[in-house]
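The values are calculated or read from the model by the stated rules, or taken from the named source; none is laboratory data. Keep in mind the model is a prediction, meaning the values are calculated, not measured. In this analysis, Cβ positions are derived from the backbone assuming ideal geometry, glycine residues included, and neighbour counts consider all displayed protein chains. For accessibility, only protein heavy atoms count, side chains too; no ligands or nucleic acids. Shrake-Rupley method; radii C 1.70, N 1.55, O 1.52, S 1.80 Å.
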Amino acid sequence: MDGIFVISFLIMLIGSFLMDRKVLRRAKKGNKITYGLTIGIILLFLTMKYFHMSIPMPAYFFVQKVSPWLIRVLGI
């Protein structure tokens, strides 16, 4: 992910969180968990970007691992 996108999305998410504080107090537990997980994942991505670590993406795994195996199995 692009760092600017991640930072801007985090700022918008925190702004939304600050505006919805009163509503979140009365919200269901699932909504609170979703907010927490989303912020946690974005912070993880920011940390990985800061330390120049690559973020594993499913498409990369598919192209590098699954496609060659599938081609060998099908005999193409």
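Structure data summary
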quantity	calculated
Contacts under 8 angstrom Cβ, first residue in the range 65-76 being acidic (Asp, Glu), partner part of a helix (DSSP H, G or I) and surrounded by 10 or more Cβ atoms within 10 Å (Cβ to Cβ), 6 or more apart	none
Count of the range 18-57 residues which are closer than 23 Å to Ile4 by Cβ and either in contact with a helix residue (DSSP H, G or I) (Cβ under 9 Å, 6 or more places away or on another chain) or not hydrophobic (A, V, I, L, M, F, W, C) (or both)	16
Selected residue [of a type in the set (D, E, K, R) and open to solvent by less than 100 Å² (accessible area, probe 1.4 Å)] from Lys28, Lys22, Lys49, Lys65	Lys49
Count of the range 1-13 residues which are surrounded by 11 or more Cβ atoms within 10 Å (Cβ to Cβ) and either over 11 Å from the mean Cα position of the chain (by Cα) or assigned to a helix (DSSP H, G or I) (or both)	7
